[in-house]
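The values are calculated or read from the model by the stated rules, or taken from the named source; none is laboratory data. Please read all numbers here as calculations on a predicted model, not as lab measurements. In this analysis, Cβ positions are derived from the backbone assuming ideal geometry, glycine residues included, and neighbour counts consider all displayed protein chains.
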Amino acid sequence: MNRLAGYLLPVALTAFACARQPATVNRQPATLRVCADPNNLPYSSSQLTGFENRIADLIARDWNARVEYTWFPQRRGFARLTLKQGDCDVILGVPFNYEQAATTQPYYRSSYVFVSRSDRHLGITSFDDPKLRRLKIGVQMIGNDAMNAPPAHALTKRGIIDNVKGYPVYDPYNNIVAAVAKGDVDLAVVWGPQAAWYAKQQRVPLELVPVTPQIDLPYLPFVFDISMAVRRGDTALKDRLDREIDRRRDDIDRILDQYGVPRV
């Protein structure tokens, strides 16, 4: 989720679009056209320092192509207003069951994690831990439209409300992780790739533990398969990307390892 960790993921996507007719890719492209957020590490950046930038480069090199980016901040509607309008042909980092587009096979699976200071030794592994009722907890919120990420729903379901503090999911500085390091909150529940990236930048060691249960019944998932998105009907490009994921899976895993992306 990218950020699409779990509202589906905190990966709600948005932008505005140019009036270009959608095109179907039926031949090997000289250009791999990607829509991405210019300020969304660890996923993507206009300096091309995100792991999705590196995966796109890997694919383009195999195809003797160059990567051409359309940069827009990720907000809700991103795919509708970019990919569907023909501004790009691929979006990396969407949930496998993403409804706005056709998706490839997953290229990684990650989870929400509990983030806490290592020196606190909290030992939280489950939403059912009774200690959560007395700790100050940070959770990611999806904006001002009453939509919340899975952790907020899981805590609310258990009546854990008054000790919860919300942080915007659209936060390039990931203040929710910094809040744990500074002690503003005791614990945070954060989408794994973001948590790992920003935990490394804190001055105190942080502990990251995958949340349990992986699916909070009846159906609230905390683990997500992440894929690439193409326009519906663009089966040629989708099939080609699927083959590339199969061929380069070990190389993709190495890139994810370099960014500390936790996988399930």
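Observations on the model:
- Wholly enclosed strands (runs of 3 or more DSSP E) of region 57-124 bearing at least 3 residues among the aliphatic types (A, V, I, L, M) and out of contact with any strand residue (DSSP E or B) (no Cβ under 6 Å at 6 or more places or on another chain): none
- Filter pass, V204 being of a type in the set (A, V, I, L, M) and within 23 Å of L122 (Cα to Cα): yes
- Checking each residue of region 232-251 against the condition of being touching a Leu at 6+ places or on another chain (Cβ under 7 Å), modelled with pLDDT of 95 or more and surrounded by 19 or more Cβ atoms within 10 Å (Cβ to Cβ) gives no match.
- Search result, residues across region 172-192 that are outside any loop (DSSP other than H, G, I, E, B) and closer than 17 Å to V204 by Cα: N175, I176, V177, A178, A179, V180, A181, K182, L187, A188
- Subset tally (residues that are part of a helix (DSSP H, G or I) and either farther than 21 Å from Y43 by Cα or polar (S, T, N, Q) (or both)) for region 213-256: 7
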